[in-house]
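Worksheet: one structure, shown below.
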Amino acid sequence: MEKKTIGQFIAALRKASGMTQKELAEKLNVSDKAVSRWERDESAPDLSLIPVIAEIFGVTSDEILRGERAGARETTTERNSEKGKKQIANLLNKSKTKFQMYSLASIGIASAGLFAAMVFNFGFLKAHVGFFVACAFFAAAIIAEAVFYISVKSAVNIEDVEEELLAGTQGYIAKWLMGTLLGIIAMFAFCLPLFIFIHDAYWGLSADSWLFAGMVFAGAVGIAGLLVIWILSSGINGQNPFAATEKEIKRNQLKLHYVKVTAIALAITGGVHIVFCGIAAENNNFAKGTTFDNYDDFVKFMETPVNSYEYWDEDGMNDVVIMESEVAMDSIGDIENEDSFITDEDMQEEIVHKEQLCDKDGNVLCEYQERNQSIAMIEYGKAEDGYLPIKVYTRRDFSFAAHIMNDVVNPICALIYVVEIAIGVHLYFKKRQLV
């Protein structure tokens, strides 16, 4: 039989067997239109169908791919004809594309689980429920990816295919498998704070807390996973499931270098972030405070009746509400029940009590009754200067400092983390021609 294309060869075998396109389609579980397109060379059968077609017509998969019967005197040149190589390469590329689409579908399933976790956490304040729902999606994604891998892996195990070409296809599929699994596991790690940090089943985790902790967990898993992939791709006992050539191994070594640089950059940024937060908190750098250069202004500020209490505002920050009154009730005492009451004598006693600021010789520098209940901390100057200037910090000052840290410093550092990770991912997956 003269050499033909795959479609022409299938048509010839079908006709020789007295089989119609519809009958062949039923055996292959495809449409007769698909068989017709094959025979007109408008498309090619899926690689997984080649062994089935060969079994139906009593030929080998290699003969189907080459489009001719194997002759007794067939030479090596004929077996490795350019046309046959091209057809095989196209079928292998088709399998690679198919598995890539399957892997993206698995990532989509896992992403749906992450979205469900957000809905349960933020919408219903059910962090634990969101975590377990997300885990169900993650498990489904892993199972789907395993099924996809097994089906495509069996399809590319064909005979008489050039070893390097087959190894390259299998390595490509293995990379997508490992990358997809790593992405799913990273999403799982991102959701872990919903279970670890929340001990009440009827509560949720704030967005900033989840984002920070989730990024740390997912980043650690991602870096560890990339290191594992690199170790496997570098070859263990001569086995290399990812790289088909020495060039691939060199490319993977370059990728490891990018992983190391990214990890070092993240570590440096994290260290600076922690040190900066510690120094700012220790030295009250973001708390403005009020400075007094004389005693009269200081006494007036301390004797201004201010009642303050703490509450959680809409941003989740510990803020201060200040209410002015003639007498600061907090300085007198809280009414615990209906029988409790404050007499005029009690009030007078409280009003008479005053604070004194004295020098080292015991001389009174100033005297005041502390009615301002919003005071959080007082910093005095040197004793020889009469303790001037005096700097007073209120709870609102510290609340403002906390807002600066959470609304300015932390978001800037988070942006730097994201940029560093994005650059690292770009360099890792960028295709480079290595000599």
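The values are calculated or read from the model by the stated rules, or taken from the named source; none is laboratory data. This is a predicted model, so every value here is computed, not measured. Cβ atoms come from the backbone with ideal geometry, glycine included; neighbour counts cover every protein chain shown. When the accessible area is computed, the model is the full protein with side chains, heavy atoms only, and any ligands, DNA or RNA have been set aside. Shrake-Rupley method; radii C 1.70, N 1.55, O 1.52, S 1.80 Å.
Per this entry, Ile390 is not counted among residues that are modelled with pLDDT of 85 or more and under 20 Å from the mean Cα position of the chain (by Cα). The residue of region 293-313 that is surrounded by the most Cβ atoms within 10 Å (Cβ to Cβ), among those that are among the acidic types (Asp, Glu) and modelled with pLDDT under 85, is Asp313. Take Leu49 and tell me if it is free of Cβ contacts under 8 Å to residues at least 40 places away in the same chain, closer than 21 Å to Val152 by Cα and either more than 45 Å from the chain's Cα centre (by Cα) or open to solvent by 20 Å² or more (accessible area, probe 1.4 Å) (or both). Considered against the rule, which asks whether it is free of Cβ contacts under 8 Å to residues at least 40 places away in the same chain, closer than 21 Å to Val152 by Cα and either more than 45 Å from the chain's Cα centre (by Cα) or open to solvent by 20 Å² or more (accessible area, probe 1.4 Å) (or both), Leu49 comes out as yes. The set of residues from region 190-212 being of a type in the set (Gly, Ala, Ser), surrounded by fewer than 18 Cβ atoms within 10 Å (Cβ to Cβ) and closer than 20 Å to Ala136 by Cα comprises just one member, Ala201. Taking (1) outside any helix (DSSP H, G or I); (2) open to solvent by less than 80 Å² (accessible area, probe 1.4 Å) in turn, Met187 satisfies each apart from (1).
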